[in-house]
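What follows is a single structure, written as structure tokens, with notes after it.
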Amino acid sequence: MHSWAEPYKIKMVELLKMTTKAYRKKAMAMAGYNTFLLRSEDVYIDLLTDSGTSAMSDRQWAGMMLGDEAYAGSRNFYHLEEVVRTVYGYKYVVPTHQGRGAENIISKIMIKKGDIIPGNMYFTTTRLHQELAGGRFEDVVIDEAHDAESHFPFKGNIDLIKLHKLVVKYGAEKIPYVSMATSVNMAGGQPISMQNLKELRAYTKKHGIKVIHDMTRVAENAFFIQQREKGYEKKSIAHIVKEICSYTDGATMSAKKDALVNIGGFLALNDQELYDEASNLVVVYEGLHTYGGLAGRDMEAMAIGIKESVDDDHIRARVGQVIYLGNKMVDYGVPIVMPIGGHGIFVDAKKFLPHIPQDQFPAQRLAAEIYLDSGVRTMERGIVSAGRKPNGEHYYPKLELVRFTIPRRVYTQAHMDVIAESAARVFEDRKKIKGLKMVLEPKYLRFFQARFDLV
Ligand SMILES: *Cc1c(COP(=O)(O)O)cnc(C)c1O
């Protein structure tokens with residue numbers, strides 16, 4: 001027996017406001033039934049995202065004091081560069097203010113108008129930058145990823161036959177790279193296997209196509225490889241992470257997730273010509289290539305966080321807590337995406353609220369109900385997040401989910417119990433819950449700012 005108990009203790013606490021149901025009802029209506037528009041003060045347990053919400057370690061905070069706030073050539077940049085090289089193995093690094101800054105730059109450099117970018121399921125900002133650069137995203141994730149009920153252990157895998165069909169149809173020269181994510185966010189934090197990655201590398205090499213890695217949650221993916229894939233049981237997380245990166249040509253990183261910082265990201269590349277272009281373009285959008293929109297102290301905290309993120313005990317506790325919550329929900333009969341993913345629990349809103357049609361936003365409504373019940377803030381990952389097609393129709397994603405994302409090193413086991421109990425209570429009363437109508441729809445990434453009303 002080996003518990004997932006945390007390899008740290010609490011040194012400082014942040015006090016929370018406790019609210020009543022009447023208070024939350026008012027707050028939710030004012031927020032237009034969009035949990036993104038709630039004030040964080042009015043939230044008890046905040047599971048909106050695991051992005052930028054981690055608790056930094058005492059070492060990271062100490063690192064903040066070592067910030068070298070020089071405009072150019074900060075020593076914290078060189079520390080970050082050294083850590084990216086040793087932990088991930090990429091040769092060059094361009095810091096950016098967060099992940100989408102890196103996505104913007106790689107998309108602008110590599111994508112030409114009319115290009116096709118295959119990927120293992122879309123991510124909101126990633127796809128948008130590909131489209132803004134003139135490309136078109138094509139989903140090549142295996143079918144199991146779109147099936148909330150499939151227990152396949154590597155639902156983040158790429159279907160190489162789907163990829164091959166795109167190569168045959170459009171030609172390899174129309175495909176600048178495959179956009180490969182570890183721990184596929186929109187599928188519920190589902191991992192890609194090392195075997196699949198090796199096959200992807202062999203295939204893309206043959207056709208002269210690059211692989212750009214969305215490495216936002218690479219350590220969590222590595223944990224599942226260690227737990228589930230033959231030959232990796234005894235390999236360290238650090239070893240597995242580096243091997244994953246070795247099958248790719250470059251990466252975009254939102255360090256706000258795995259890397260345990262509140263802000264930061266980077267673009268990593270192995271090709272010098274691409275790096276030269278990126279380090280020039282970053283000046284336009286983020287800042288000089290040795291700070292990329294970040295303070296020196298932020299780069300220092302990121303460098304230290306990256307090292308902590310590949311520690312075996314850390315990642316076992318991190319994913320262990322998520323699995324603990326998921327198992328509790330399963331025990332209560334709440335329908336969730338299986339297997340349980342790395343960064344949160346994804347509740348299946350289609351099964352939870354089968355009486356609400358998808359264009360009345362069942363997941364959006366369910367997230368609002370959970371908040372009303374307990375002050376727990378979750379978010380929609382369904383039709384609202386999927387947005388509209390270039391022709392103006394909604395995308396109707398197969399998965400209509402509510403995401404309970406767990407920040408790293410922030411909440412306790414008792415908090416997990418409160419969350420599961422709330423989901424169970426709302427599930428008991430599910431028949432009374434009705435849909436929503438959208439009353440305000442922003443043009444870009446609508447899920448962040450859309451407003452709704454009860455039908
Ligand atoms: C968060 C995220 C991004 C974008 O990163 P930001 O830091 O939010 O800009 C890209 N890809 C994945 C998989 C993410 O989870």
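The values are calculated or read from the model by the stated rules, or taken from the named source; none is laboratory data. Quantities reported herein were computed from a predicted structural model and do not represent experimental measurements. Note: ideal-geometry Cβ built from the backbone for every residue, glycine included; neighbour counts use all protein chains shown. To get the accessible areas, we keep the full protein, side chains included, count just its heavy atoms, and leave off ligands, DNA and RNA. Shrake-Rupley method; radii C 1.70, N 1.55, O 1.52, S 1.80 Å.
General remarks:
- Inter-part distance, the range 366-416 to the range 74-140, computed on C-alpha centroids, equals 25 Å.
- For the residues 220, 243, a 1.4 Å probe over the protein chains yields an accessible-area ranking, largest first, of 243, 220.
- Over the range 58-309, the hull volume per residue, using the convex hull of the C-alpha atoms, is 112 Å³.
- When you work out D = kT/(6 pi eta Rh) for the chain at 25 °C and 0.890 mPa s, using the Kirkwood radius from C-alpha pairs as Rh and the Stokes-Einstein form, the result is 110 µm²/s.
- Largest-first ordering by accessible area, 1.4 Å probe, given options 4, 61: 61, 4
- 13 Å beta-carbon shell around residue 424, net charge (K/R +1, D/E -1): -4
- Given 198/230; 91/113; 108/169; 210/307, the pairs whose alpha carbons are separated by over 21 Å: 91/113; 108/169; 210/307
- Taken per residue, the accessible surface of the chain reaches 42 Å², heavy atoms only and a 1.4 Å probe.
- The range 137-283: relative contact order in percent, alpha carbon pairs under 8 Å with at least 6 residues between: 18 percent
- Partners of residue 350 within straight-line reach, counting lysines whose Cα lies under 25 Å from its Cα and excluding those fewer than 8 residues away in the same chain: 25, 155, 328, 389, 398, 431, 432, 434, 437.
- Note on surface exposure: 75, 59 rank 59, 75 by accessible area, highest first, 1.4 Å probe.
- Each of the peptides 287-297, 320-330 was scored by the mean count of other Cβ atoms within 10 Å over its residues; in descending order, highest first, they stand as 287-297, 320-330.
- Eligible aspartates and glutamates near residue 11 by straight Cα distance, threshold 12 Å, same-chain separation 8 or greater: 58
- Cα-based reach from residue 206 at 17 Å (exclusive), listing aspartates and glutamates while leaving out same-chain residues under 8 positions away: 159, 173, 249
- Other residues lying with their Cβ under 13 Å from the Cβ of residue 440 contribute a combined charge of +2, Lys and Arg counting +1, Asp and Glu -1.
- Carbon + sulfur, % of accessible area of the range 58-309 - ligands and nucleic acids excluded, 1.4 Å: 53 percent
- For residue 198, net neighbour charge (Lys/Arg +1, Asp/Glu -1) across residues whose Cβ lies under 14 Å away: +1
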